[in-house]
Amino acid sequence: MIWSEFLAQLEGTGEGMLSPSFVEQWSNEPWNPGNDDRGAAALLHTQIVSRIATQKLGYQDGTEQAALDSLFVLFQKTRDICDRFPEGRHFNALAWEVLNTHVRPFTARWHRESQRGALTALDSTDVFRAQLGKLQPILRSFDHLLLHIRDTAPPPARIIPPGHESEIEKEMRESVAWGISVQHGGLASETAAKINRSERDSILARRAHYEIPEGPNAVALALSGGGIRSATFALGVLVSLAERNILPQIDYLSTVSGGGYLGSFLSAFLESAPGKSVGLSSNELPFQRQDGEAEALRHIRHFCKYLITGSLWQRLKMMFAQLYGMAINGFSVVFVVILIVSIERWLRSISFTDYLSHKLTVFSVVMLAVGSLAALLTMRARSGWRRYADSFVAIPSVVLILLLCWLGLGNAHTWYHSMILHHVLWPSQTVVKWLTTLAAIPIVTSALTGFFGRLLKHAGTVLIVLSGIATPLFFFGLYFSLYEFAARPTMIFPYIGQVQMSYLLWAILIVGSLIFFFVLDINFTSPHRHYRDRLADAFLIQPRANPSQQEPFEQGVSIRLSELGQVRHKGPYHLINCALNVPGSKNISMQGRLTDFFVFSPAFSGSPLVGYYPTQSWEEVDPHLDLGTAMAVSGAAAAPQMGLGTKKTLSFWLALLNIRLGYWTRHPKKTKMLFRGSPGLSCLVKEMLGTMNEQGPWLNLTDGGHIENLGVYELLRRRCKYIIAIDGEEDQGMTFSALTTLQRLAAIDLGIRIDINLDDLRLNQRGLSRSHFRFCRIHYPIDGRGSEEQIGYLLYLKLSLTGNEGEFIRRFRTDDPVFPHDSTTNQFFSEAQFEAYRSLGEHIGDKLFLESIIGNCANSKSVEIDQWFLEMGKSLLDPLPPKTQ
């Protein structure tokens, strides 16, 4: 037999294992391997079959370097075998042909790459894995040939045992009940049924538009908070998803804060009038590329400095409106203090007040003594009177404390008057300076904490303590000064002359009452409306009917929330997440949070605490409520009340300085209000003091990140099987605050467990992560089935660097070492900064479609989402542990 005849009958030889020139050279040689050939083949078989490089390499195994070393060592092992069996002529020729033709180029290239750290990043090994995947069949075929030489007969057919992929596939083929759970959803069953029905109808209409089969599972996309940084990063990811036609398959779009900028852009754009090819497919606007970049995305790039876009006149109006709001807030505080001063002066003007207060003080002391004795005697009784024992002490104690405060306040006025009169404490003309100094301390504290919080650390604690001391001193100083001012009999004004102080006070109280109780609208005086308009111009756009090169889009379009997706059926069902601030709530579940989940959606809006009502009813009682308003409210990060992030010592000053991006909306079921049609002074005082609750007609809404910054909570409530979460929050230390907060809240409220390992995302010594994303299970409890559960899947993308990014991104990080976690306070991105975040997002999005992760799906221009998640699960998940009986 000659070589060509042997190779022709050999089964299992991989295509291309032997080069044509080699086959031609040896084809006519006799095929007669000897003992040395057989011995050498046996030894090399053992080496190859035991090598990690010939076994399937799991994506998360972390053995890339070991696989490379395993192949490299084959050369030395083969040399040793050839030295031991020098007569193995057939073996020698075949072994060095395979090693030199296929293995050496691979090891030569990747040895250089490993030296520069290319194998340290998990997702930078995709090319390594792809090339190794092509090499492994050749090595297995070579091993098959070695066995044939060793045994002088064809080896039995290779039986490949089923791996864990079959277990994963069986698990992931199971469906998840879609919708708010009656038992675990945290809502009343009737409310949950209404929401489920309306959302399902909208989602099925969208699926029909894109000709997507009606399936049992829901797919969702969540865009996190983080201002323009998060929006830009998410934009890059969405560009990558759009290229594979993933976006038309998304049922829910849940956004919070900065993620809402981009989500609202999509929702608004997809509501464009007919006539243009608008949709979520890769060949439709807004993602269809035009001259290298989609025109709508180019618009966002140009308006990334949204706060300072527009004309000079618009910026001046915004600046003066902020100053106007600060002045109104200041006058409101002064008015409230003057009102209290007037009430105190009136009470003290009554002749018998001081006499009565002294007598009542003595009487309260006597009653306290009697109450203490009564409490002791009552506790010895066996009747129902025992429950009143504490009241016998508490009631006279409270009365005594109030009377002592009243007497002490009178003495303080006397002391303050004498200090001013005799210039002992300070001259009267410097009171304003002292008050200004006291007011400046909390202001400076908040500014320094905001801009240099990481650097101050211990100094920041000192500043907050000083702020806590300065605040009451300011109030007492203001109160005593206005009381002293009101005690004057007359006041001289330029051009008017002498005025009776009593007339002046009455005029202030009457005019102030008319303004602050009947005219003032604190939504108008806050910066919310300007913030909303700037965001709308940047993100709420639609193609013009007659576009020009300079103005291709209508900007700042107004769209009612209740109309989203109801006509065109092109966009995912949009959930806009906000925080309902209720620090004064008596609901025990709010005591540890101070906020509740509030969501705007096309059909129903509300929160578990205040209830869910048709979105149209919210719009009817609030004509300013639309998509732009909801987007701005969801991104209202700067506010006096910010959930658990509230700094009580600074809340008053933030409100006074009009740093109030939040929004007061009217409760649709509490519209019977006396006189008022807008939030006024009472709402402003609640915002300053942090006493708002869910009981009043006005509800205070701020940034959804004040309770959950990832935007996934409402998707878990709806039991979505597949969730893609794009986390662009500021997280320099990779502490995963948004994700861990979500885990805690989901477990407490919904009984849902997110099983995720974040080790590959944590920073190494070089300040880099090993991966950009993680894939994990979501464990949904099943209604009425004890410990049984259904499994959903979370694809978690993190704003991160692994070192395998392109040269532009690496160069940008050299210029900006904080990248990719620039402060959220920076909302003024340059073009280079915008492109760095967008490019990073697209880079990470592309990594989700690596052949080493999703196999043949990577070669498809239109990826089916069930298959995409299934292939990721096979590569990235371990089998579930067996259930214990």
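The values are calculated or read from the model by the stated rules, or taken from the named source; none is laboratory data. Remember, predicted model here, so these are calculated numbers, not experimental data. Please note: Cβ atoms are built from the backbone with ideal geometry, for glycine as well, and neighbour counts cover all protein chains shown. Side chains are part of the model used for accessible areas, which takes the heavy atoms of the whole protein and leaves out ligands, DNA and RNA. Shrake-Rupley method; radii C 1.70, N 1.55, O 1.52, S 1.80 Å.
General observations
- Sites listed here are GluC sites (Glu not before Pro) in the stretch 131-218 whose DSSP assignment is loop and whose Cβ has at most 14 other Cβ atoms within 10 Å: Glu174, Glu211, Glu214.
- Residues Ile748, Ile726 ordered from highest to lowest accessible area at a 1.4 Å probe: Ile748, Ile726.
- Rg and Dmax of the stretch 602-674, based on Cα coordinates, read 14.1, 39 Å.
- Proportion of all alpha-carbon pairs of the stretch 774-824 beyond 16 Å (%): 61
- Stretch gain in nm, segment Glu169-Lys861, where the contour uses 0.36 nm per residue and the Cα spacing is subtracted: 246.8 nm
- Direction-averaged projected area, Cα convex hull, the stretch 224-272: 3.3 nm², rounded to one decimal.
- Both radii were evaluated on the Cα set of the stretch 260-397; the Rg over Rh quotient, with Rh as the Kirkwood radius, amounts to 1.48.
- Portion, in percent, of the accessible area of the chain that falls on carbon or sulfur, probe 1.4 Å: 59
- Remark: the stretch 669-827 projects, on average over all directions, an area of 14.2 nm² (convex hull of Cα atoms).
- Pairs of alpha carbons in the stretch 515-670 whose separation is greater than 23 Å (percent): 45
- Membrane-span-like helices in the chain, defined here as complete DSSP H runs extending at least 18 Å along the helix axis by their C-alpha atoms with mean Kyte-Doolittle hydropathy no lower than -0.5, are 35-49, 64-84, 126-151, 227-243, 312-349, 353-380, 389-421, 431-456, 458-486, 501-518, 737-750; this is a sequence and geometry rule, not a statement about a membrane.
- Qualifying chymotrypsin sites (Phe, Trp or Tyr not before Pro) in the stretch 655-714, where qualification requires a DSSP coil assignment and no more than 12 other C-beta atoms within 10 Å, comprise Phe675.
- Equivalent ellipsoid dimensions for the stretch 293-349 as semi-axes, Å, which come from the Cα gyration tensor, largest first: 49, 11, 5
- The simple spin-label model puts a point 7 Å past each Cα toward its Cβ; for Thr825 and Val399 those points are separated by 5.2 nm.
- A convex hull fitted to the Cα coordinates of the stretch 739-885 yields 170 cubic angstrom per residue.
- Residues Lys170, Lys359, ordered by accessible area of protein heavy atoms at a 1.4 angstrom probe radius and largest first, appear as Lys170, Lys359.
- Altogether, the Stokes-Einstein calculation at 10 °C and 1.306 mPa s, with the Kirkwood radius of the stretch 688-742 over Cα pairs as Rh, returns a diffusion coefficient of 116 µm²/s.
- Computed from the Cβ-Cβ distance with R0 of 45 Å, the FRET efficiency linking Tyr324 to Leu347 stands at 0.80.
- Overall Cα dimensions of the stretch 228-306, principal axis frame, Å, largest first: 29, 29, 25
- For Lys670, the lysines whose Cα comes closer than 27 Å to its Cα, not counting residues fewer than 8 places off in the same chain, are Lys194, Lys586, Lys686.
- Residue (of Phe265, Ile328, Val239) at the positive-pole extreme of the stretch 229-343, dipole from beta-carbon charges: Ile328
- The value obtained for the stretch 589-716, namely the Cα convex hull volume divided by the number of residues, is 110 Å³ per residue.
- Spin-label model distance (nm) - Leu356 vs Val23, 7 Å beyond Cα toward Cβ: 11.4
- Per DSSP, loop trypsin sites (Lys or Arg not before Pro) in the stretch 203-283 with at most 15 further Cβ within 10 Å: Lys276
- Taking the inverse of the mean 1/r over every pair of distinct Cα atoms in the stretch 714-781 gives a Kirkwood hydrodynamic radius of 13.2 Å.
- Each Lys and Arg adds +1 at its Cβ and each Asp and Glu adds -1 at its Cβ; summed about the Cα centre, the chain shows a dipole of about 3500 debye.
- Computed Kirkwood radius, in angstrom, where 1/r is averaged over Cα pairs of the stretch 574-617: 10.9
- Backbone N atoms of the stretch 289-324 closer than 16 Å to the 7 Å Cα→Cβ label point of Ala832 are not found in any residue.
- Heavy atoms of Leu146: accessible area, 1.4 Å probe, square angstrom to 10: 0
- The length gained by stretching the chain between Val73 and Glu620 to full extension, at 0.36 nm per residue less their Cα-Cα distance, is 189.4 nm.
- For the stretch 129-219, the spread of Cα positions along each principal axis, largest first, Å: 75, 32, 22
- Over the stretch 467-606 - Rg/Rh using Cα atoms and the Kirkwood inverse-distance radius: 1.18
- Once the gyration tensor of the Cα atoms in the stretch 179-232 is diagonalised, the equivalent ellipsoid follows with semi-axes of 25, 20, 9 Å, ordered largest first.
- Taken as Cα centroids, the stretch 598-646 and the stretch 179-200 sit 19 Å apart, rounded to the nearest whole angstrom.
- Computed E for Asn587/Arg301 - FRET, C-beta separation, R0 56 angstrom, nearest 0.05: 0.80
- Virtual spin-label span in nm between Gln288 and Glu87, 7 Å along Cα→Cβ: 7.6
- With every protein chain in place and a 1.4 angstrom probe, the accessible-area ranking of Met642, Met17, largest first, reads Met642, Met17.
- Quarter the surface of the alpha carbon convex hull of the chain and you get the mean projected area, 52.9 square nanometres.
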